[in-house]
Each structure stands twice: as C-alpha cells, then as structure tokens.
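Peer 1: Following this message is one structure expressed as structure tokens.
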Amino acid sequence: MLTQVAKFSPLYGVDILAAEADVRANFSLADKYDLGGPPGAFQQVSFQLRVESPAPPARVAELCRHAERACHASQTFKVEVPTTLEVSLNGVPLELGSGEGHQ
C-alpha cells in the first residue's frame, strides 16, 4: 500500500515528507501443528499507514483511500482467491495426494 501512496501522491497534490506502513494479522496456530482447531488462515488483517505531509487532511484521506483500492495485497484479503500448490522433488513433479497430518 505504501507504494500506491507514493505512486498516487502527485495525482492528489500531496507532498509526502515521510510514510510508513505496518501490516499485522491474527491467526490460529492450532492447525499448523496438527492440534485441531481453525485453519491457519489469517482471521483478521490490519493495515496502518503513518503519513507526514503538509497537505490538508482531507486530501491525504482521499489519497489513502485510493491507495487502499489500488493495493493488490489489501484487495486480495477481501475476497476468496483460489490458490494452488505445485511441488517438484529433484526436478520431478511430486503428487501430494490428500493425506492429512504428518507421518
């Protein structure tokens, strides 16, 4: 999202003196360690932007709303996205099967 703030700041006439982004997520470790419980997916993700600028707050707010809309990471967390996993072992495709847990 920080890249988008930098990219669109000239469009909004917002001079950025400094900017930082912090991304945090909550998730359960239970499934990761085969303890049962919820899957290991993030249960909540928060983005925090810290912007230093002489621009009017309303203009910075417009810029940040646009940056959030243009941020692929932020938008991806808002929808279910199909994912795949392909593994090769020593250069040969490895069939993972549907086994659960480790052995």
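Peer 1: By counting other Cβ atoms within 10 Å of each Cβ, how are Tyr12, Tyr33 ranked from fewest to most?
Peer 2: Tyr33, Tyr12
Peer 1: Are there GluC sites (Glu not before Pro) in the stretch 7-103 that DSSP puts in a loop and that have at most 12 other Cβ atoms within 10 Å, and which ones?
Peer 2: Taking the stretch 7-103 and a limit of 12 other Cβ atoms within 10 Å, the loop GluC sites (Glu not before Pro) found are Glu80, Glu86, Glu95, Glu100.
Peer 1: Would you please state which residues of the stretch 1-22 a label at Ser46 would reach in this model, taking the label point 7 Å out along Cα→Cβ and a backbone N cut-off of under 13 Å?
Peer 2: It comes to 22, nothing else.
Peer 1: What value, in deg cm²/dmol to 500, does the helix sum -39500 (n - 2.57) over DSSP H runs of n ≥ 4 give at 222 nm once divided by the residues of the chain?
Peer 2: The helix contribution divided over the chain gives -8500 deg cm²/dmol.
Peer 1: Now for a separate question. How large is log10 I(q)/I(0) at q = 0.10, 0.15, 0.20, 0.22 Å⁻¹ when the Debye formula is applied to the Cα atoms of the chain, each weighted equally and without solvent?
Peer 2: Listed by q, the Debye log ratios stand at -0.49, -0.78, -1.03, -1.15.
Peer 1: Tally Lys and Arg at +1 and Asp and Glu at -1 over the other residues with C-beta under 14 Å from the C-beta of Phe8: what net charge comes out?
Peer 2: Once all neighbours under 14 Å are counted, the net charge is +1.
Every number in this text was worked out from the coordinates using simple rules, so none of it is lab data. Keep in mind it's a predicted model, so treat the numbers as computed, not measured. With ideal geometry, Cβ positions are generated from the backbone for all residues, glycine too; neighbour counts draw on all protein chains shown.
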